[in-house]
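Reviewing the structure listed below.
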Amino acid sequence: MEEDRVPAGLLEAPSELGTRIRAVRLRQGIGLRELARRLDLSPSLISQIETGKIRPSVRTLYALASEFGVTTDELLFDQSPPSEHAAPASGADSSTSVAEPGLTVQRADERAAITLNSGVTWERLTFWADEDVEFIEATYEPGGASSPDDTLVRHSGHEFGHVLSGTLRVVVGFDEFVLEPGDSITFPSSTPHRLSNEGDETVRAIWVVRGRRGESAADRTVR
């Protein structure tokens, strides 16, 4: 499984991601070599991801989230509170910054964002990590894809996508679709799938994954 070297200007976010991945691994009592064995990766690759020297692929993130039993959102982003918000929803603990709020405003310039390899950038559209829903804006540079050529991924949940600009190729099982601005798609995440930008224009899309947490170790990359 190939990973991209991190350009100097992108070290901060991957380094923070690596720190979170390491913290989850240690919290669950999983050794580095044992994690590498479970994911069929080399221990040196895991180590370089955790130290921010290598940027993980989308496929690797899905595998890590699956093994840890968490959402990719929890691995990607921290739990910073919003700059402006209303009172928490009824019954929520107002002393906890990550409690689900009753009303929040997420400003465009305050979004948590991370650039992965293969020309894919994810920006979180909520400030807290929801256990049931991942809500992101995904950007695919020309040639960018969610997994390498001829490789599909699958995981728990259900996906909802809406293309804002560019042309996105979506393969779901044996079906293939070309989505243009204004087009939407939904499908079970357990069906092997791949998202890619094979055009010359950057693709921007809103993506929601519901029920991502709790997948089994069998829900991994497939070819």
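The values are calculated or read from the model by the stated rules, or taken from the named source; none is laboratory data. Values in this document were obtained by computation on a predicted structure and should not be read as measured data. Cβ placement follows ideal geometry from the backbone for every residue including glycine, while neighbour counts extend to all protein chains displayed. Just the protein is used for accessible areas: all its heavy atoms, side chains included, with ligands, DNA and RNA removed. Shrake-Rupley method; radii C 1.70, N 1.55, O 1.52, S 1.80 Å.
Results, tabulated for the structure shown:
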read-out: Residue ID - farthest from D73 (Cα to Cα), chosen from residues in the stretch 122-146 that are more than 10 Å from the chain's Cα centre (by Cα) and among the acidic types (D, E); value: E141
read-out: Unmet criterion (only one of (1) modelled with pLDDT of 95 or more; (2) in contact with a Lys or Arg (Cβ under 6 Å, 6 or more places away or on another chain)) for N197; value: (2)
read-out: Cross-chain or 6+ apart pairs with Cβ under 6 Å, the stretch 38-62 first and within 20 Å of E74 (Cβ to Cβ) and touching a residue at least 60 places away in the same chain (Cβ under 8 Å), then open to solvent by 10 Å² or more (accessible area, probe 1.4 Å) and not in a loop (DSSP other than H, G, I, E, B); value: R38/E67; R55/D4
read-out: Counted residues, the stretch 180-190 - those being more than 23 Å from G143 (Cα to Cα) and either modelled with pLDDT under 95 or β-branched (V, I, T) (or both); value: 1
read-out: The lone exception for V170 - which of (1) open to solvent by less than 30 Å² (accessible area, probe 1.4 Å); (2) modelled with pLDDT of 95 or more; (3) in a loop (DSSP other than H, G, I, E, B) it fails; value: (3)
read-out: Filter result for F127 (in a strand (DSSP E or B) and either out of contact with any Gly (no Cβ under 9 Å at 6 or more places or on another chain) or farther than 24 Å from T191 by Cβ (or both)); value: no
